[in-house]
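First comes the structure, then the notes that go with it.
The values are calculated or read from the model by the stated rules, or taken from the named source; none is laboratory data. Remember, it's a predicted structure, so these values are computed and weren't measured experimentally. Virtual Cβ from ideal backbone geometry, glycine too; neighbours counted across all protein chains shown.
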Amino acid sequence: MSSSSASSDRHSAPTRIRSAELADLDALVEIENRCFDSDRLSRRSFRHLLTRGRAATLVAESGGVVVGYVLVLFSHGTLHARIYSLAVDPAARGLGLGRDLVEAAEDAAKDQECSEIRLEVRKDNAEAIGLYESLGYRRFGVLADYYEDHEDALRYRKSLASQLGLDMVRVPYYAQTTDFTCGPAALMMAMGALEHDSPVALNRKLELRLWREATTIFMMAGHGGCGPHGLALSAWHRGFGVEVYVNDRRPMLLDSVRSPEKKEVMRLVQEDMIEELEAHGVPIHHRAVQPDELAAFFARGGIPLVLISSYRIYREKFPHWVVVTGFDTRYVYVHDPFVDEEEGESIADCINMPIPRREFEAMSRYGRANQRAAVVIYPQREEETAGD
């Protein structure tokens, strides 16, 4: 039998995709060398990723021979996976293995509870671009001079979340316009979803007005954050029902400042806010809220604002507010008022952003004290009438 006939028989055999093993190292290096003229992964890199790297390497095997691979990277504490490399032996192309490998990579990312998968592809690789776009990947950026031969890379992403189901609330989106108004922006979105008779005008004037009302501190040295009590008061004064959930009776967000003077001002401001909430009869629950409780809030017509630590998404240690818009068995969906344009994000990326439930619970806390807070906004309450 000629070598060409043997190759034909091998690639017509059933193909299976499996996790790569250290014994596949030689085959992986051979495919890498046959598929790429530059930007090749070294034998050392493959060995590291197979043994110690935070990655999944999957191979396509036909007739007992490895004919392709895909390498997926996972970053600790983030929601994104990345297809780092994909290669199919030239002799095995045209059999749909590239598509099979990408779909296997997506399954591996879901197993790691990633909500999105990203990749880079050469600008001149029309075949690969066609494959990714046919699988639902959406271009979101360009990396100039990315490859060794100075070719640009196109950046693509795909959401791995399930289709939005019935457990969603239609929440208008508003992007914060300053570094310190995530809380007001989140509150505006919740109020906009609940005020149907006279819709809230979501604009910067309202954003800054709410910040002035809800902020814990404002001094010449810097801006303070908006805590749960201030946001709750702003909602109450506009006629909405509101509940506050905090797991800590101590002042919130003190870890965000260092000055003892600021800490004291924050303590006094929050103390005053709490006294006003209590005078109005606003419930303040001293316990954390679990993701499973969100369903009960939705059933009662409420929309939660949740305080998170942005470190697990943006690698920055600052408190951040998001609006919960829905959930399914795997994800909590949120509107994130922060659009990270430096990372190529657009508003579309921040609407109904899926976060795995376990990850959401882990990020729903802030500071060394692990303070947790949520403010649940309900439709406009009926004001008490005279004589009642």
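Structural remarks
- Residue 198 falls short on exactly one of the conditions (1) out of contact with any Asp or Glu (no Cβ under 6 Å at 6 or more places or on another chain); (2) small (Gly, Ala, Ser); (3) at pLDDT 95 or above, and that condition is (3).
- Residue within region 348-357 that is among the basic types (Lys, Arg), over 12 Å from the mean Cα position of the chain (by Cα) and under 19 Å from residue 296 (Cα atoms) present: no
- Within the option set 104, 91, being under 30 Å from residue 36 (Cα atoms), surrounded by fewer than 21 Cβ atoms within 10 Å (Cβ to Cβ) and modelled with pLDDT under 95 holds for one residue only, 91.
- Looking only at region 278-325, and only at residues there that are among the β-branched types (Val, Ile, Thr) and closer than 14 Å to residue 244 by Cα, the one that is modelled with the lowest pLDDT: 289
- Those residues of region 107-155 which are among the small types (Gly, Ala, Ser), crowded, with 17+ Cβ neighbours inside 10 Å and assigned to a loop (DSSP other than H, G, I, E, B), in sequence order: 115
- Residue among 289, 265, 323, 306 that is more than 29 Å from residue 358 (Cα to Cα) and of a type in the set (Val, Ile, Thr): 265
- Only listed residue being at pLDDT 90 or above, surrounded by fewer than 21 Cβ atoms within 10 Å (Cβ to Cβ) and small (Gly, Ala, Ser), chosen from 85, 12, 42: 42
Residues checked against (1) surrounded by 17 or more Cβ atoms within 10 Å (Cβ to Cβ); (2) at pLDDT 85 or above:
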residue	(1), (2)
334	yes, yes
338	yes, yes
343	no, no
352	yes, yes
362	no, yes
369	no, no
384	no, no
